[in-house]
Amino acid sequence: MVKMKIFGLALDEQSQVPLLILKDLEDTQVLPIWIGAMEAMAISISLNKVSISRPLTHDLMLQTLATLGAAVERVEIVDLREGTYYAEIHLVHADRTYLVDSRPSDAIALAVRAEAPVYAAQSLLDRVAKQFDQEHEVVLKDEESERWTEFLEKYNIDQTKYKM
């Protein structure tokens, strides 16, 4: 497993879908993960330490785990099958580790809040790198990062369908 860090959030230029960019600690390997807008917002809120009056789903999950005496030890991005990434949340409770299947975006949203490390399987990083070498497509541009930041700055959580 390779320890990763969150490099940033952007919008995919073609699909206009949020893109979470992970990099290894040496900045030599990149893992782009397309995620939903709400998950991107949840990750961004936590990364930017934005205060929300009521707990979001990931905050609630973390509070529930703490109440039960469990903790998020780490998150692992383990596979990519048919265009879908797979992740595992490693929970620790009473000297036992439990693996919970998860979407990477939810696992990372929890990891950011719990200040838990994120890892990716080396075989996954190799497959993704090989795919991008074949496509020769730029994944992240400064303009995309700026657009995503502008979107989040203008986003009004009070105008969503459901109040948080």
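The values are calculated or read from the model by the stated rules, or taken from the named source; none is laboratory data. What you see is a predicted model; the values in this text were computed from it and never measured. Quick reminder, even Gly has a Cβ in these numbers, built from the backbone with ideal geometry, and neighbours come from all protein chains shown.
Among the residues of the stretch 72-121, what is the count of those that are on the phi < 0 side of the Ramachandran plot, without any contact (Cβ under 8 Å) to a residue 40 or more places away in the chain and not aliphatic (A, V, I, L, M)?
11
What residue, of D158, D59, is at pLDDT below 95, more than 22 Å from V2 (Cβ to Cβ) and surrounded by 10 or more Cβ atoms within 10 Å (Cβ to Cβ)?
D59
Which one of the conditions (1) within 30 Å of K130 (Cβ to Cβ); (2) part of a strand (DSSP E or B) does V72 fail to meet, given that it meets all the rest?
(1)
Conditions (1) surrounded by 20 or more Cβ atoms within 10 Å (Cβ to Cβ); (2) assigned to a strand (DSSP E or B), marked per residue:
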position	(1), (2)
E76	yes, yes
Y86	no, yes
V92	no, yes
T97	no, yes
D101	no, yes
S105	yes, no
I108	yes, no
A111	yes, no
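Of the residues that make up the stretch 123-144, is at least one assigned to a helix (DSSP H, G or I), in contact with a strand residue (DSSP E or B) (Cβ under 8 Å, 6 or more places away or on another chain) and modelled with pLDDT under 65?
Scanning the stretch 123-144, I find at least one residue that is assigned to a helix (DSSP H, G or I), in contact with a strand residue (DSSP E or B) (Cβ under 8 Å, 6 or more places away or on another chain) and modelled with pLDDT under 65, so the answer is yes.
Can you tell me which residues in the stretch 1-49 are without any contact (Cβ under 8 Å) to a residue 24 or more places away in the chain, farther than 20 Å from Y86 by Cα, touching a strand residue (DSSP E or B) at 6+ places or on another chain (Cβ under 8 Å) and hydrophobic (A, V, I, L, M, F, W, C)?
L25
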